Structure formats: structure tokens, C-alpha cells
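Colleague: The structure follows.
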Amino acid sequence: MVLVDLVINQKSSMLIDSYEFWCYKASIKKNKITSKIEYQVVYDEKVMTELKKFNLYEKVMKDTIKELIVDKQDFITLDELLSFVSELGGKTFGFSKHLIIPVLFRILNMERIGSLLVDNQIDEIYLDSSKSYLYIDHAQYGRCSSQIRLSKKEIDSFIHRVALENDFNLNRENPTMKGDFVTKLFHTRITVDIPPLLIDDIHLDIRKFRHHNFHLKDLIDIGSITKSQGIFLSIIMSNLVSLSIIGPPNSGKTTLQNALLEFIPSHFRVLSVEDVLETSSLRRGNQVRFRLGYDPHESNIYTKAMEIQKLLHRSPDYVNLGELSTKDNFIAFLNVLSVGIPSIQTIHGKDPNYLLLRLQDIYKIPINLIKTSFPHVFVEMDTVWRENIRKRFIIRIAELTPEGDILTISDRQNDRFSDSQINTHSSFTINYLETRNLDMI
């Protein structure tokens, strides 16, 4: 079974790659006429045969799940449903483990979009309207079109599931939702827009995160960061220096953040405060994670700014603040730094200099408060397209001087991917660490 509405014309497309994952097989093709890259996914042949068995028990399983929901009298997460389907399908009906995922997705009316969610080679999934086809950003082949057009029932079922997982009521009064959808099968951040905010009927943006993060070496190997930059940033993180990663959307900020968090020594206590869970749980201990969802009907008792202020009473050694986006976030963040609690955060922006102008001229934050964040390192990231593939990389590393100025210590032009040397001899941060006799790992 092809999980698309229209099988791609074999004569107009050339197969350039294929791979298997879970119970699916993905094909990457190049259209001979348009030169566009096309993505196609089908079930594994073995699963196709076994799915005929599920057709006999589909109604029984759906009725059993409905009874389970009624008995529990509460929302059941996708992970709980996965465990239940695995238990019921495996022991009662004799389904193989390969059949559990497609059965779960079929029961939830997520059969086709579910196949994309569990493909670890897909970075992002887009739907511009109910009349358009899904298209994706592929880790290896970049922007790919598809022939997958979701029905209204499929779209409604998926949005309903995301809203339940985030305890959010999406309607005309609340026409936009940003939340996470984290399960044993996948980790995503999802944005949904509907009318009257949206001109068309629906917009979906599904950003996928790897279950297994990139290591710093991986980022060096793919050209996102140079070896000398990696050494410098590992020293910064292992010595608990504040770090802000700045760049446009989809420039690799969170990917770098996840890689760098692993350099914090395991005996230090790390607190994470995020609106949407984008950073992963550390592979070491001593970590507490907070997620602060937003519901316009709530009294907003638990705002991010307020929780940042409360960090003083939670005894952190280092704080992961996720993304900073509002004036209140920045003021709370600088107040925490001023009392000696270092942090790592991502910020949408052009570069550190424009960030300081934004803090001073738009948010009216006094320069003296900004100076209190020293030592503070800035990583500036950017993204460019190279033959349909998005390249993400560091273009500059800078630091805040004690006087509140920005000093560049590593610079790389957009089109140069050669190694750049870190000027550690003129680094205020390195000199600061040396004078405090901290361990240089």
C-alpha cells in the first residue's frame, strides 16, 4: 500500500535513494521534468500482509479503546495507547511487533502523517492548507515534495490529538496553538493556525527533534561548527559560563544547545525552564525540567518570567532557559544572571550587536544591567540553501566585555567552511576563567 493519494509516475521520476525504518520503506526520487526532489513512503511488504488480519479486528479494538477511555474518565496519552495496543494486539490477537505502530496510527486516523512522524530522516513537515500536499525538509535531501494530501478527518484527528496532549482548546477565539508532542516514537514541536487568524482553512508546521541528539563531533563532521570553535565552546560550558545562541529560525540553535548541554559536568544541578520542550533530557543526572504551556483562559500564574525569577529558591548551578522571546523574559533572565546564576538560551535575532540595541532601545533595559551578565558568550548562527539542502553553521562567536561591548573572537564568512582559529589570547572570558583558577577541560 502506498501512503499517498497518487502514485508518482515512474517514467517522470528517477529513484536516487531508498531506506527502511520501522515498518515502512521510503523512496527519494528526482522528477526528470521539474528536477524537484520527491518523497514517497510505503508499508513494508510483510506489514501489508499482516494488516489484512487487523481488518478483521479493527472494530473490536476501537470499541475496546473507547471502553478504556470511559473507564479511566481521563485523557489517555499516545504513549499509553501505544502500550495498550501492544498488549491487546500482541497477546489477544497475535499481532507481530511490526504491526503495532501502523495499527495505532490507523485507529487514531493518523496513518499517513504518522509514517512521517517516525521517519528520523525528516526534520520538518509542512501543510499550507487542506487542499495542498504535505512537503518536508529531509536531513539528507533537503526540501522534498510529496503526494500526500490529508483528508479533513485526518487533519481534524491529528489536531485534536495535539490539542489533547497540550491541554489546549483550539477554536475561533484561540486560533493558534504552539505546543510539543513528545512520545516514545517521536519528539516534535507543532504550530497550528486556523481562521480567523488564517486566511486559508489550516496551517501546520511540525518541527521534529532527534531522539538521539547530535554530538559536538557530529556537528563538526557536517560542517556546522569548526574544531577550534567546538573546543572553545566545550571549555565555556564545562566551566558554567552563560551562553546565548542567536540566529534566524531553523538555523540550528536548539541542535547546538542540546549538544553543548552535555558538556556540563554531571555533579552540577541543571534546571530547564521552557515554554515548549525543545531540548532533550540530559544523559546525566541532576536535572529538573519545567514546561510552561500557555492557555488564554488561565490566569497565567505560571509564566516563564515568574518561574525564571523563582530559580533563586531552587538552587541551580546552571539554567537552561530554552528560547527567550519577550521583554519580561529578558528582564528576568538578566536579573538571574546579575545574582550569579549562569544560563544557556536561544534567541531569534540577527547578531549580538543588534540584540544589545534591542534590549536598550526597544525594551529600555539599562546598560548597567546588561553589563552584569559578564562573563557571557554569544554564538551567532545562520542558514543558507545549497542545491535544495539547508546548511546551518556558526558564523561568529563573540563575548561581552566588562564594559558592555561585543568583542568578536571567531569569525567565518557565509561561504567559507574552512577552520577558523579562536583568538583565546584576547578573550576576556578565557582570561576571567584563568584568573579564577577554574579547571580548563
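The values are calculated or read from the model by the stated rules, or taken from the named source; none is laboratory data. What you are looking at is a predicted structure, and each value in this text was computed from that prediction instead of being measured. Positions of Cβ are generated from backbone atoms using ideal geometry, with glycine treated the same way; all protein chains shown enter the neighbour counts.
Colleague: How many of the residues in the stretch 171-194 are in contact with a helix residue (DSSP H, G or I) (Cβ under 8 Å, 6 or more places away or on another chain), of a type outside the set (A, V, I, L, M) and part of a loop (DSSP other than H, G, I, E, B)?
Modeller: Adding up the residues that qualify gives 3.
Colleague: Here is a list of conditions, (1) touching a helix residue (DSSP H, G or I) at 6+ places or on another chain (Cβ under 9 Å); (2) assigned by the TED database to the domain that holds Ser343, and Leu240 meets all of them except one; can you say which number that is?
Modeller: Going through the list (1) touching a helix residue (DSSP H, G or I) at 6+ places or on another chain (Cβ under 9 Å); (2) assigned by the TED database to the domain that holds Ser343, Leu240 breaks only (1).
So that you can scan it fast, the table gives a plain yes or no per residue for (1) touching a residue at least 24 places away in the same chain (Cβ under 8 Å); (2) closer than 17 Å to Lys25 by Cα; (3) surrounded by fewer than 16 Cβ atoms within 10 Å (Cβ to Cβ):
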{"position": "Ile125", "(1), (2), (3)": "yes, no, no"}
{"position": "Ser129", "(1), (2), (3)": "yes, no, yes"}
{"position": "Ser132", "(1), (2), (3)": "no, no, yes"}
{"position": "Phe158", "(1), (2), (3)": "yes, no, no"}
{"position": "Asn171", "(1), (2), (3)": "no, no, yes"}
{"position": "Val182", "(1), (2), (3)": "yes, no, no"}
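Colleague: If you scan the stretch 24-79, which residues turn out to be of a type in the set (Asp, Glu), modelled with pLDDT of 90 or more and not in a strand (DSSP E or B)?
Modeller: Asp79, the sole residue that qualifies.
Colleague: I would also like to ask the following. Give the number of residues within the stretch 247-278 that are farther than 23 Å from Lys217 by Cβ and either in a helix (DSSP H, G or I) or not hydroxyl-bearing (Ser, Thr, Tyr) (or both).
Modeller: Of the residues in the stretch 247-278, 10 are farther than 23 Å from Lys217 by Cβ and either in a helix (DSSP H, G or I) or not hydroxyl-bearing (Ser, Thr, Tyr) (or both).
Colleague: Inspect the stretch 279-295 for any residue being modelled with pLDDT under 70 and aromatic (Phe, Trp, Tyr) and give the result as yes or no.
Modeller: Yes: one or more hits.
Colleague: Among Ile422, Ile430, which is the only one that is in a loop (DSSP other than H, G, I, E, B), closer than 20 Å to Ser238 by Cα, modelled with pLDDT under 90 and in contact with a Ser or Thr (Cβ under 6 Å, 6 or more places away or on another chain)?
Modeller: After applying the criteria, what remains is Ile422.
Colleague: For the stretch 250-278, which positions are under 15 Å from the mean Cα position of the chain (by Cα), at pLDDT 90 or above and not hydrophobic (A, V, I, L, M, F, W, C)?
Modeller: Listed by number, the residues that qualify are Ser251, Gly252, Lys253, Thr254, Thr255, Gln257, Asn258.
Colleague: Looking at the stretch 87-170, what helices (runs of 4 or more DSSP H) fall wholly within it and have at least 2 residues that are under 14 Å from Phe181 (Cβ atoms) and under 22 Å from the mean Cα position of the chain (by Cα)?
Modeller: Here the list reads 111-117, 152-166.
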